[in-house]
Amino acid sequence: MSRVGNRILTIPTGVTVSVDGNKVTVKGPKGELSTEVNAHITVDVNDTGVKLTRDNDLYKKDHGTANANINNMIIGVTSGFEKKLESVGVGYRFQVKGKELVVTAGYSHPVNKQIPEGISVESPSNTELFVRGIDKKLVGDFAAEIRDIRRPEPYKGKGIRYADEHIRRKEGK
């Protein structure tokens with residue numbers, strides 16, 4: 001049985017956690033994040049850390065989820081999150097133009113994506129792309145949208161993939 005909800009989250013120096021009703025706000029050197037927790041979850045903040053308790057066992061799943069979300073917010077405002085994408089294929093490339101990402105992925109036209117607020121995108125080379133931000137969900141969602149432009153295919157391995165992703169290759173005819 002998972003005990004994620006019962007762990008006590010340590011607050012690093014330079015980070016403040018405040019609770020207003022069922023809204024939890026975390027401020028740190030990289031920015032500020034806030035989330036709503038279930039009304040049956042109690043958030044206690046003291047000098048050493050954050051402890052979450054639940055009213056009864058009906059809210060076990062919400063207890064663990066709230067604990068993980070607050071932990072992700074603490075990590076986000078201190079160090080941030082990053083996803084690295086690679087494009088594999090002849091002519092497949094990334095190009096950052098201001099607040100817009102231009103992806104050339106084998107279509108007859110380049111695909112333009114608006115970079116959302118709170119996300120920074122960097123392309124050190126034509127085939128590499130770094131998506132960075134303090135909100136884990138925002139970073140993961142935007143990286144998934146970019147990957148969905150041209151998913152990696154199993155026969156030649158062409159497409160846009162995460163840097164740590166392994167593509168299972170299939171044998172041709």
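The values are calculated or read from the model by the stated rules, or taken from the named source; none is laboratory data. Being a predicted model, the structure only gives us computed values, none of them experimental. Here the Cβ is made from the backbone with ideal geometry for all residues, glycine too, and neighbour counts use every protein chain on show. Each accessible area value is taken on the protein alone, full model and side chains, heavy atoms only, with ligands, DNA and RNA left out. Shrake-Rupley method; radii C 1.70, N 1.55, O 1.52, S 1.80 Å.
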Starting from residues that are among the aliphatic types (A, V, I, L, M) and in contact (Cβ under 8 Å) with a residue 40 or more places away in the chain, keep the ones in region 112-143 and report whichever is farthest from residue 26 (Cα to Cα). 129
Need pairs with beta-carbon distance below 7 Å; first residue farther than 17 Å from residue 4 by Cβ and within region 44-57, second surrounded by 16 or more Cβ atoms within 10 Å (Cβ to Cβ); sequence gap 6+ or separate chains. 45/17
Take the residues in region 95-111 that are crowded, with 17+ Cβ neighbours inside 10 Å and touching a residue at least 40 places away in the same chain (Cβ under 8 Å); name whichever of them is farthest from residue 148 (Cα to Cα). 101
So is residue 117 exposed (fewer than 14 other Cβ atoms within 10 Å of the Cβ) and not polar (S, T, N, Q) or not? yes
Only one of 83, 61 is out of contact with any His (no Cβ under 6 Å at 6 or more places or on another chain) and either under 30 Å from residue 125 (Cβ atoms) or assigned to a strand (DSSP E or B) (or both). Can you tell me which? 83
Residue hits (region 11-49; outside any strand (DSSP E or B), in contact with a Lys or Arg (Cβ under 8 Å, 6 or more places away or on another chain) and open to solvent by 60 Å² or more (accessible area, probe 1.4 Å)) are 40
